[in-house]
Protein chains: 2
Amino acid sequence: MDDACTVNLTVRYLTKKWMLLIILELYKGSAHTRRFSDLRDSLDGITPKVLSERLKELEEEGILTRNVDATAFPVRAEYTLTASGLEIVDVIREIKRWALKWKIENIPCGKQDCKVCVL
Amino acid sequence: MDDACTVNLTVRYLTKKWMLLIILELYKGSAHTRRFSDLRDSLDGITPKVLSERLKELEEEGILTRNVDATAFPVRAEYTLTASGLEIVDVIREIKRWALKWKIENIPCGKQDCKVCVL
DNA sequence: TTGACCGTGCACGCATCATCCATGGTATAC
DNA sequence: GTATACCATGGATGATGCGTGCACGGTCAA
């Protein structure tokens with residue numbers, strides 16, 4: 001295993017805590033866009049600090065773009081999945097497919113990560 | 001996001017450090033089987049302690065089976081992917097496909113995680 | 001004026017992981 | 001027979017990642 005190989009590196013940051021769940025939340029937003037506080041409220045248990053860090057890392061990797069509307073009331077920061085970010089959802093879909101097949105205790109709950117969710 | 005949902009839980013342990021890379025190494029072994037010291041040597045940077053912990057977690061999740069040959073010289077512990085474990089490789093394949101498409105600096109290196117690898 | 005919301009970033013404490021070492025049993029080297 | 005190396009595992013101690021709590025500056029509503 002070569003530390004410089006792209007897939008190895010990709011696994012290392014894509015599997016950082018909250019990464020995939022953040023991408024999934026962005027995917028669920030209209031136009032694949034969500035605001036900071038919206039993400040914070042949707043991802044139960046995430047802290048603003050880590051969310052801020054992760055969004056910055058994802059922007060640096062070209063997985064999302066950050067748009068700040070400074071003219072607005074409280075400043076709005078909006079995050080949108082790029083074309084490459086959209087395709088990471090395929091990875092999450094594969095995880096869901098696996099979980100539904102092998103984790104039979106799964107039940108539909110009407111939320112993002114269940115049988116009836118958008119994936 | 002419901003903490004009890006299977007996909008959510010699945011993401012949380014599948015994205016723990018070393019998890020996917022361990023599964024990939026097992027997949028590469030003949031009969032999808034590898035010994036402890038073999039895994040330790042292949043996964044550059046992993047510590048024996050964490051490897052031992054991860055293998056235990058993966059066994060508890062039914063992703064691999066553990067076979068100990070106590071009659072052998074130094075005791076051999078062999079780990080083999082189960083049917084469900086084999087299908088997790090599809091997730092890794094999806095990550096590789098994404099990386100090859102969007103991370104153009106990737107180069108073939110003849111090792112597991114490059115264009116010419118087994119995935 | 002007061003308070004609430006927004007997105008960030010700091011200081012601090014805990015949980016996870018790395019580093020180093022120890023174990024018991026058996027093979028080979030000398 | 002003594003020494004040394006390998007094997008898989010687990011404990012003790014540091015380093016790093018992440019959670020907790022708090023504060024900021026700016027603008028709105030009450």
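Across peptide A:72-83, how many C-beta atoms of other chains are within 10 Å of each residue C-beta, on average? Kindly include the intermediate steps, with their values, before the conclusion.
On the way: counts 0, 0, 0, 0, 0, 0, 0, 0, 0, 0, 1, 2.
Mean shielding count: 0.
Net charge within 10 Å of B:Asp90 by Cβ-Cβ distance, Lys/Arg positive one each and Asp/Glu negative one each, not counting B:Asp90 itself? Walk me through the numbers before you get to the answer.
On the way: positive: A:Arg97, B:Arg93; negative: A:Glu94, B:Glu87, B:Glu94.
Net charge in that neighbourhood comes out at -1.
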Shortest-first nm distances, B:Lys101 label point to equivalent points in other copies (7 Å, Cα→Cβ): 2.0
Links exceeding 29 Å between C-alpha atoms in this model, out of A:Lys28/B:Lys103; A:Lys96/B:Lys56; A:Lys103/B:Lys103; B:Lys49/B:Lys101; A:Lys49/B:Lys56; A:Lys28/B:Lys96, come to A:Lys103/B:Lys103; B:Lys49/B:Lys101; A:Lys49/B:Lys56
Can you pull the accessible area of A:His32 for me, 1.4 Å probe, Å² to the nearest 10? 50 Å²
In this structure, the FRET efficiency calculated for A:Val118 and B:Leu86 from their beta-carbon separation, with R0 = 30 Å, to the nearest 0.05, is 0.65
If we hang a label 7 Å off Cα along the beta carbon direction at B:Pro74, how far is it from the matching labels on the other copies, in nm, shortest first? 5.9
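Quick one: if the Förster radius is 35 Å, what FRET efficiency do B:Asp69 and A:Arg97 give, using the C-beta to C-beta distance and rounding to 0.05?
Result of the calculation: an efficiency of 0.50.
Residue by residue through B:14-24, how many Cβ atoms from other chains fall within 10 Å of the Cβ on average?
Values: counts 5, 10, 2, 5, 3, 2, 5, 6, 0, 0, 4.
Counting other chains' Cβ atoms within 10 Å and averaging over B:14-24 gives 4.
Counting only other residues whose beta carbon sits under 9 Å from that of A:Thr80, what net charge do I get with K and R as +1, D and E as -1? All intermediate terms of the calculation are to be shown ahead of the outcome.
Working: positive: A:Arg34, A:Arg66; negative: A:Glu78.
Around A:Thr80, the charge tally is +1.
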Taking a ≥ b ≥ c as the square roots of the eigenvalues of the Cα gyration tensor, with a/c under 1.5 meaning rounded and otherwise prolate when a/b exceeds b/c and oblate if not, the range A:6-84 is prolate
Enumerate the amide H contacts of B:Glu78 below 5 Å, restricted to partners 5 or more residues apart or on another chain; note that Pro and chain-start residues carry no placed amide H. B:Asn67, B:Val68, B:Asp69
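What is the range A:6-84's relative contact order, in percent, from Cα pairs under 8 angstrom and six or more apart in sequence? The partial results should precede the final answer.
Details: 79 pairs, mean separation 23.3, N = 79.
Contact order relative to length: 29 percent.
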Quick one: Karplus J couplings for the range B:16-32, per residue in order, coefficients 6.51, -1.76, 1.60, θ = phi - 60°, nearest Hz, x for Gly and Pro? 5, 4, 6, 3, 5, 5, 5, 4, 5, 5, 4, 4, 6, x, 5, 6, 6
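The values are calculated or read from the model by the stated rules, or taken from the named source; none is laboratory data. Because the structure is a prediction, the values reported are computed rather than measured. Ideal geometry is used to build each Cβ from the backbone, glycine not excepted, and the neighbour counts take in all protein chains shown. Ligands, DNA and RNA are excluded from the accessible area calculation, which covers all protein heavy atoms including side chains. Shrake-Rupley method; radii C 1.70, N 1.55, O 1.52, S 1.80 Å.
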